[in-house]
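Notes follow once the structure below has been shown.
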Amino acid sequence: MSLSLIAKTIKASPTLALNEKAAILREKGDPVIHLGGGEPKSRAPMDAILSAVNMLNSGEVRYAPADGIPELKKSIIRYTEEFYHRKVNPENVIASSGAKQAIMVALQAILNPQEEVIFPAPYWVSYPDMARLVGAIPVPVLPEDGTFYPRLKDIEMRVGSYTKAIIINSPNNPTGAMYSEEFIADIVDFCERRGIYLIMDDIYHRLVFDGRKPISAYDYTKKSVEESKLLIVNGVSKQYAMTGFRIGWAVGNKKLIEAMANIQGHQTSGPSVLLQKAAVGALNGIQSSVESLRVTLENNRNVLVDQLRSFDGVKVHVPDGTFYLFADFSAYEKDSQKLSNYLIDKVMVLTVPGKEFGLDGHLRISYCGTIKDIEEGIERMKWALDPNSPNELYIGDRKLVRDWL
Ligand SMILES: Cc1ncc(COP(=O)(O)O)c(C=O)c1O
């Protein structure tokens with residue numbers, strides 16, 4: 001079959017593939033522990049559900065403006081004022097089918113084929129393929145000092161005449177690192193001086209720990225929204241545990257937003273109005289679920305860090321936010337794909353190989369599940385990897401015998 005060049009270069013999303021693998025193993029009855037997930041397990045807020053149910057009961061679910069219904073835009077404007085300290089207008093806002101589509105239409109609106117988009121590594125798995133989907137070139141930049149905190153000088157070295165945009169994701173998937181205010185201020189200033197679009201992927205911005213506060217890139221520019229090439233991306237997926245609702249948004253100058261809306265109009269005609277109503281419910285309703293999710297995640301992080309610290313040879317970077325931890329397992333195995341497969345085969349624990357995020361030797365471990373899963377998952381991993389572990393492990397009434405180390 002003859003497929004397009006783009007189709008041939010795009011891989012399936014490794015994290016979605018892992019979810020499928022977990023589902024297949026579970027269906028077989030295997031006691032899988034999924035530490036590779038990317039979504040909180042709490043329920044969507046009741047206000048979101050009621051808002052969608054009200055609309056559904058009306059029986060009138062129709063086409064809506066491609067860039068989002070006015071009601072949702074109003075909620076996003078309020079949100080932007082509260083968390084980004086900027087007053088924006090409806091023309092500065094687009095609602096999309098998830099933060100993913102907001103980023104995708106932004107890249108389509110900004111990049112020409114062969115132009116470059118820079119992002120720090122480790123990076124969210126989708127950025128490279130999203131760049132390729134528009135014929136652009138992804139340029140990941142790994143901090144040279146071996147930390148998970150990018151430095152402007154490393155990024156600066158990779159900026160050239162083809163650089164059109166930089167994507168910053170903080171707190172970061174997969175590392176959980178939240179970049180400093182100084183770095184955000186510097187990158188905003190740098191992009192302004194060089195006329196480069198700066199896309200802030202803030203999908204985890206309120207899920208931060210140890211008393212940290214969400215950072216607003218708008219605080220570091222004196223430019224008006226219309227003069228600025230800053231695009232803020234956010235959504236309800238993570239903070240409101242509404243991943244399946246597929247509602248995200250972007251805030252930026254109206255020329256860029258209009259271009260994005262034109263593209264989106266031809267792609268999907270905009271996100272479902274029913275799900276936009278749910279997002280309105282979440283944004284306007286009782287907000288306690290966000291803080292309670294944040295507290296749960298912080299507690300889960302502490303449990304996971306404690307468990308991993310007792311794991312000889314594993315290097316742990318304590319996450320500042322999100323629900324991911326990116327641990328260095330290279331003392332056991334440098335090929336992260338091999339290690340991830342090994343853990344699935346031997347002890348039915350799913351983790352995502354670091355290779356997918358641009359840094360081998362690591363595994364991304366999620367702590368958005370239950371404490372029980374975290375504790376048992378790490379115990380199984382330890383048993384599979386540590387040569388000093390006892391010979392046998394019981395999972396329920398299944399006896400595993402270690403015959404490989
Ligand atoms: C860094 C990052 N950006 C964007 C997204 C996509 O968010 P949404 O589900 O709203 O499309 C994800 C989801 O995993 C993510 O990790």
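Values quoted throughout were computed directly from the atomic coordinates according to the rules given, and no laboratory measurement underlies them. Nothing here was measured: the structure is a model prediction, and the numbers come from that model.
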Need one word for region 322-376: rounded, prolate or oblate. Basis is the Cα gyration tensor (sqrt eigenvalues a ≥ b ≥ c); a/c below 1.5 gives rounded, then a/b vs b/c decides. oblate
222 nm mean residue ellipticity, helices alone, for the chain (DSSP H n ≥ 4; -39,500 (n - 2.57); rounded to 500): -12500 deg cm²/dmol
Which of R78, R43, R364 moves most in a GNM of the chain, Cα contacts under 10 Å? R43
Rounded to the nearest Å, what's the spacing between the alpha carbon centres of region 282-324 and region 137-161? Just the number, please. 27
Values of log10 I(q)/I(0), in the order q = 0.08, 0.11, 0.15, 0.17 Å⁻¹, for region 46-284 under a Debye, Cα-only, solvent-free model: -0.28, -0.53, -1.00, -1.28
With Rg from the Cα atoms and Rh as the Kirkwood inverse mean 1/r over Cα pairs, region 174-277 has an Rg/Rh of 0.99
Listed residues K277, K355, K213, most fluctuating in the chain (Gaussian network, C-alpha, under 10 Å): K213
Along its three principal axes, how long is the chain when you only count alpha carbons? Whole Å, largest extent first please. 64, 55, 55
Taking the alpha-carbon centroid of each part, what is the distance from region 368-405 to region 1-75 in angstrom? 31
GNM result for the chain, Cα springs below 10 Å: residue of A99, A259, A165 fluctuating most strongly: A259
